[in-house]
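Working notes for the structure below.
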Amino acid sequence: MIVVLTSNYDVGVLQLAFQMKKEFRKICGESVVFVPDQAKLNENENVETYERKSSLIPFDKQYDRISKRIMKYNPSLVYVCDSNLITSRIVLGLPKSVPVCMTVHDVETHPTYNSSLSKIKEMIKRPYTNCALKRANHIVLMSKSSYTKYKKKRPKYANKLSLIRLGAHVPDVISEQPMEIKNATDYILFFGRLDKYKGIINLLKAYEIGKERINHKIVIAGRGTLTDEEQRLIDKYPKSIILVKRYISDGEMIWLFENAACTVLPYIEASQSGVLSISYYFGKPVIVSDLEGLTEFVENGITGAIFHSVDDLSEQLIQVPRIGDTMKEMIYDYYEQNLDWEKSIRSMLADLDI
């Protein structure tokens, strides 16, 4: 039995947890996932929920109770999908005889989280995370660039690092058209949380530069916060830029990717991206910033395009949607060869001798 654990209750990491449970069941026969009780669930089979509290009390018994619940499954492996305060505390409550894998998503802190409050939270979390990573048998990174950076930053952990390239999590649900999108199809899609580091302002500036030649609408879909300038530019082009600023259901996510011409990731910082792999899963090319965490997944001119400036992005918004259909088969082939979950996980389990 493999136990999958996360303290995330929404979007990307939660989706990763369910994907890992699915793959472990396929490979090993048995798997269960532990998630917070706030999690939005589309399935309840082999799911355990727990109350999520970020307590700073050193000997808070809530973490031990979750650890004991995990141990009732007599796990051959506990796979942890994140490395934050809650999951680190739970890991530290597990017997050392139980193998543990911990996922590190970001080697460096996102620029979005550089506020004074975020830095204080990081200082409080760090000792627990460091102890949990030291205790872990395996540390998993999800891109080659992250793997290389982490190995350089923490060379003492080099012998227990593993790489699983982030594939797509696509729930088995019915496609559902978002109510904000009426007759739009074949659009350029930005999908994901609206954060400063996602570079939405550069996408909007690029659109403004090339608006006379860009023949496809832009759909921006996800929760989060826009800057005043971003909102102003969106409001300036109501017929060309469609904003779906809210939680996107799994069915709506599928519809958005199915009907897009391409996906754009104008990020300012990135370790890897689940959005990119979902785009490939649906055979859609990507337009990405020149960042290692993205470009290692893109064959320029074959599975998408890499841009180096706002002017360059503007040109790609013109060109890529026109030729997206010609890339489809090459994108499917790339996904199968490089982002297949089962291949990556079997390799990791072989390293662990499980």
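Here are a few things to note about the model shown:
- Of Ile220, Ile234, Ile214, Ile242, all but one fail to be in a strand (DSSP E or B), more than 30 Å from Ser143 (Cα to Cα) and either β-branched (Val, Ile, Thr) or under 16 Å from the mean Cα position of the chain (by Cα) (or both); the exception is Ile242.
- Answer residue from segment 251-308, given it is of a type in the set (Gly, Ala, Ser) and open to solvent by 20 Å² or more (accessible area, probe 1.4 Å) and is modelled with the lowest pLDDT among those: Gly274
- Segment 324-342, residues that are touching a Gly at 6+ places or on another chain (Cβ under 6 Å) and surrounded by fewer than 16 Cβ atoms within 10 Å (Cβ to Cβ): Lys328, Tyr332
- Boolean, Gln337 is over 24 Å from the mean Cα position of the chain (by Cα) and not small (Gly, Ala, Ser): no
- Qualifying residue in segment 203-220 (condition: touching an Asp or Glu at 6+ places or on another chain (Cβ under 6 Å), open to solvent by 10 Å² or more (accessible area, probe 1.4 Å), modelled with pLDDT of 90 or more and under 28 Å from Glu258 (Cβ atoms)): no
- Boolean, Tyr9 is of a type in the set (Phe, Trp, Tyr) and either buried (at least 19 other Cβ atoms within 10 Å of the Cβ) or at pLDDT 90 or above (or both): no
- Tyr9 meets all of the listed conditions (1) touching a strand residue (DSSP E or B) at 6+ places or on another chain (Cβ under 7 Å); (2) over 22 Å from Ala132 (Cα atoms); (3) of a type outside the set (A, V, I, L, M) but one, namely (2).
- Which numbered condition Lys156 fails, given (1) under 14 Å from the mean Cα position of the chain (by Cα); (2) part of a helix (DSSP H, G or I); (3) of a type in the set (Lys, Arg): (1)
- Test: residue in segment 184-200 that is in contact with a helix residue (DSSP H, G or I) (Cβ under 9 Å, 6 or more places away or on another chain), open to solvent by less than 30 Å² (accessible area, probe 1.4 Å), of a type in the set (A, V, I, L, M, F, W, C) and in a helix (DSSP H, G or I): yes
- Residue within segment 63-78 that is acidic (Asp, Glu), open to solvent by 40 Å² or more (accessible area, probe 1.4 Å) and within 24 Å of the chain's Cα centre (by Cα) present: no
- Of all residues in segment 164-183 being surrounded by fewer than 17 Cβ atoms within 10 Å (Cβ to Cβ) and among the aliphatic types (A, V, I, L, M), the one that is farthest from Leu276 (Cα to Cα): Met179
- Here Leu256 fulfils each of the conditions (1) more than 13 Å from Phe190 (Cα to Cα); (2) assigned to a helix (DSSP H, G or I); (3) of a type outside the set (Lys, Arg); (4) more than 16 Å from the chain's Cα centre (by Cα) apart from (1).
- If only residues of segment 12-33 that are open to solvent by 40 Å² or more (accessible area, probe 1.4 Å) and not hydrophobic (A, V, I, L, M, F, W, C) are counted, the one that is nearest to the chain's Cα centre (by Cα) is Gly12.
- Verdict on Val13 being within 17 Å of Ile345 (Cβ to Cβ) and outside any helix (DSSP H, G or I): no
The values are calculated or read from the model by the stated rules, or taken from the named source; none is laboratory data. What you are looking at is a predicted structure, and each value in this text was computed from that prediction instead of being measured. FYI the Cβ positions are ideal-geometry reconstructions off the backbone, even for glycines, and counts take in every protein chain you see. Note: accessible area is taken over every heavy atom of the protein model, side chains too, but ligands, DNA and RNA are not part of it. Shrake-Rupley method; radii C 1.70, N 1.55, O 1.52, S 1.80 Å.
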